[in-house]
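Data first, discussion second: the structure below is written as structure tokens.
Throughout, read-outs are computed from the coordinates displayed, never taken from laboratory work. Worth saying up front: this structure is predicted, and the values here are computed from it rather than measured. Because the Cβ atoms are built from the backbone with ideal geometry, glycine has one as well, and the counts that use them run over all protein chains shown.
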Amino acid sequence: MLRQMVQFMAQRLMELDVDGRCGAGYDEKSPERVNSRNGYRERAWDTRAGTVALKIPKLRSGSYFPEFLEPRRTAEKALTAVIQEAYVQGISTRSVDDLVKALGMSGVSKSQVSRLCGELDERVGAFLNRQIEGDWPYLWINATYVKTREAGRIVSVAVIVAVGVNTEGQREVLGLKVGASDRRQLFWPLGVNYSGR
């Protein structure tokens, strides 16, 4: 799950960065265009979430290589933090804008950041509201505590995670729920959409 989201965000951010450097989007006619695309090159990016397959855009004149893929860059931490924030409390344009700066990208506009936030929210919503089918004989429930901002102050909240193993031995995150950090207020059910209940 996290690997797919890291891949999605990295790919979209590269696309937006190249659009800004070209002066126009892919297949878009514009008098401001200063360069155009020339296909992609494949690149594997090793992250803590697993190996991510990226398609790096190529340019007709000059070259493009995203700074976050440079050796010894810690941009992956920032990318993962933004994705985790999206699951816990929704995504803000400010955090994505900060991420863009941390990744060393300058050609991404505020409207593109806003659109990217909407796309990320859609993917998070689709994950959280998906139907889970089949048998899951093994289920683990665990909570981790994270700091978040509520009403202008920092508070600790519990992120409850349900992980299951299906009959084929595949492990999957089945659901996430955010709740109060007070143990007396921890809650169930997790809200997993399971069709075989």
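Assorted remarks:
- Neighbours of G25, meaning other residues whose beta-carbon lies under 13 angstrom from its beta-carbon, give a summed charge of 0 when Lys and Arg score +1 and Asp and Glu score -1.
- Two-decimal log10 I(q)/I(0) for region 11-72, as the Debye equation yields it once each C-alpha is a single scatterer, q = 0.18, 0.23, 0.24 Å⁻¹: -0.65, -0.95, -1.01
- Per-peptide packing, taken as the mean over residues of other Cβ atoms within 10 Å, places 24-32, 129-137 in the sequence 129-137, 24-32 from highest down.
- The Cα center of region 92-166 and the Cα center of region 1-72 differ in position by 22 Å.
- Stokes-Einstein D in µm²/s, Kirkwood radius over Cα pairs - region 112-152 at 37 °C with 0.692 mPa s viscosity: 235 µm²/s
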